[in-house]
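Single-structure report; data block below.
The values are calculated or read from the model by the stated rules, or taken from the named source; none is laboratory data. Predicted model only: the values in this text are computed from it and were never measured. Cβ placement follows ideal geometry from the backbone for every residue including glycine, while neighbour counts extend to all protein chains displayed. For the accessible areas, the whole protein counts, side chains as well, though only heavy atoms, and no ligand, DNA or RNA atoms are used. Shrake-Rupley method; radii C 1.70, N 1.55, O 1.52, S 1.80 Å.
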Amino acid sequence: MGVQSFFVLNKAGGLIMQRSYSDRAPRLTQNDYIHLASTFHSMQLLVRELSPVSNARECGGIARMEATTFRLYAMIAATGVEMFVTCDANPATAPAAGAHDRMADFLKEAYISYTDYVLKNPFYEIDMPIKSEPWDAHLIKIVDKYNRVGS
Amino acid sequence: MAVAGLKGKRQRVKEAAGALSMSKGGNMQKLGELALQKGERVPVELLALTYGSLVRQVIADYESIEEVNKQLDLMGYNIGVRLADDFFAKSGVSDCRSFQDSAEIVAKVGFKMYLNVQASVDLWNADNTAYSILFDENPLAEFTELPEEYAQLSFSNLVCGVIRGALEMLLLVVKCEFVRSTLQGNEMNEIRISLVEMLRESAPEDDED
């Protein structure tokens with residue numbers, strides 16, 4: 001399946017990383033990406049407040065959104081770090097049954113690599129924008145892997 | 001990084017503790033065991049010697065032992081705030097919502113996963129705002145004997161800092177200190193953790209950073 005864009009947000013809703021992996025992913029300005037990310041963060045907070053579970057933190061927030069042209073998968077870590085990824089809903093490349101789990105796995109793998117490549121860099125300051133070439137390279141490998149699995 | 005285990009005594013302690021633990025604790029133990037197996041390992045000697053030279057350097061750099069304890073705690077804190085994510089990414093624990101939950105998770109999963117230490121939770125106070133983590137073997141101090149002039153040194157204080165930092169990422173502000181240590185001639189190591197406050201989710205404290 002075609003992974004399009006990947007976003008990482010800090011716990012205050014600020015965009016700290018965004019990459020596009022597909023030609024079909026819309027090209028926006030950096031400011032637009034930041035707006036998108038913080039709007040999505042607000043929606044996550046809203047969803048958690050609306051959740052019937054009394055403790056807002058028990059609700060994982062939005063896990064998946066389906067639109068006619070793309071799908072979005074999201075996760076929030078217990079520490080507040082948030083990640084979401086968009087991918088194709090095009091029938092030719094669309095995820096088949098079981099793909100939901102696969103994209104959840106993608107996010108899990110991305111999260112693990114975030115802890116290894118980003119947080120273990122002593123010069124990275126937490127919650128600041130991420131500029132890490134090794135992580136970029138590793139993410140491309142993960143994206144390739146999931147693109148292959150889907151096709 | 002976890003520490004490759006020493007067999008023998010530790011194994012027996014583990015079995016005894018395993019048999020005693022209740023079902024929830026048992027689950028946690030399994031998670032810790034799994035995470036330990038999945039993670040990369042370093043030899044316990046390397047860890048003990050590296051940590052020892054770190055402490056030695058801090059002692060050389062600071063005048064008073066009190067200050068050394070504080071610096072070790074601070075280093076641990078900076079590790080802890082980063083390690084919290086590493087923990088959730090790799091341990092299989094998905095959330096840690098309350099201070100009460102955190103006790104089992106830190107002792108059963110965290111200590112096992114990162115230090116290969118069998119630790120237990122005990123000595124809760126009456127209103128459930130403080131507990132102790134007990135363990136008898138400490139890989140950081142494997143070869144250490146405290147000279148008399150450093151009797152006040154809390155040798156493994158870094159661990160306290162790690163716990164403090166990691167729990168703060170979960171909005172739990174705690175006070176954390178060694179109250180007993182085998183280095184100081186006690187039978188067990190005891191880390192006392194007491195809750196100072198719970199931060200509110202909706203107001204991120206570090207907005208200004």
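I want the local charge near B:Phe143. Using Cβ-Cβ distances under 14 Å, sum +1 for each Lys or Arg and -1 for each Asp or Glu among the other residues. It would help to have the intermediate numbers written out before the result.
Values: positive: B:Arg56; negative: B:Glu45, B:Glu137, B:Glu142, B:Glu145.
Its environment carries a net charge of -3.
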Region B:44-70 and region A:26-89 have their Cα centres apart by a whole-number Å value of 43
Per DSSP, the loop-located chymotrypsin sites (Phe, Trp or Tyr not before Pro) within region B:116-162 having at most 13 other beta carbons within 10 Å are B:Trp124, B:Phe143
Relative contact order of region B:2-198 (C-alpha contacts under 8 Å, at least 6 apart) in percent is 26
For chain A, the percent of accessible surface on carbon and sulfur atoms (probe 1.4 angstrom, ligands and nucleic acids excluded) is 57
Distance in nm between A:Ile140 and B:Glu142 label points, each 7 Å along Cα→Cβ, equals 4.0
Once phi for every residue in region B:160-172 is put through the Karplus expression 6.51 cos²θ - 1.76 cosθ + 1.60 (θ = phi - 60°), the whole-Hz ³J(HN,Hα) values, with Gly and Pro written as x, are 4, x, 4, 4, 4, x, 5, 5, 5, 5, 9, 6, 10
Buried by partner chains in region B:80-128 (accessible area down by at least 20 Å² vs chain alone, 1.4 Å probe, heavy atoms, protein only) are B:Arg82, B:Asp85, B:Asp86, B:Phe88, B:Ala89, B:Lys90, B:Asp95, B:Arg97
Heavy-atom accessible area of A:Leu28, protein chains in place, probe 1.4 angstrom, given in Å² to nearest 10, is 70
Once normalised by the length of region B:65-147, the mean sequence separation of its alpha carbon contacts under 8 Å that are 6 or more apart gives a contact order in percent of 17
GluC sites (Glu not before Pro) in region B:111-157 lying in a DSSP loop, each with at most 11 other Cβ atoms within 10 Å of its Cβ, come to B:Glu145
Taking chain A and counting helices only, DSSP H stretches of n ≥ 4 at -39,500 (n - 2.57) each over all residues, the nearest-500 ellipticity at 222 nm comes to -12000 deg cm²/dmol
For B:50-56, A:64-70, B:157-163, ranked highest to lowest by mean beta-carbon neighbours within 10 Å, the order is B:157-163, B:50-56, A:64-70
Taking placed amide H atoms and a strict 5 Å upper bound, the residues 5 or more places from A:Phe70 or on another chain that come that close are A:Ala89
Under 5 Å from the placed amide H of B:Ser181, counting only residues 5+ away or on other chains, we find B:Asn186, B:Glu190
Net charge (Lys, Arg +1; Asp, Glu -1) of residues whose beta-carbon lies under 14 Å from that of A:Phe106, A:Phe106 excluded, is +3
So, with points 7 Å from each Cα along the Cβ direction, the B:Lys30-A:Leu46 label distance in nm works out to 4.0
Net charge near A:Tyr117 (other residues with Cβ under 10 Å of its Cβ; Lys, Arg +1; Asp, Glu -1) is -2
Probe 1.4 Å, all chains present, heavy atoms only: A:Glu133 accessible area in Å², nearest 10, is 150
For the pair B and A, the solvent-accessible area buried on both sides (1.4 Å probe; DNA, RNA and ligands excluded), in Å² to the nearest hundred, is 1800
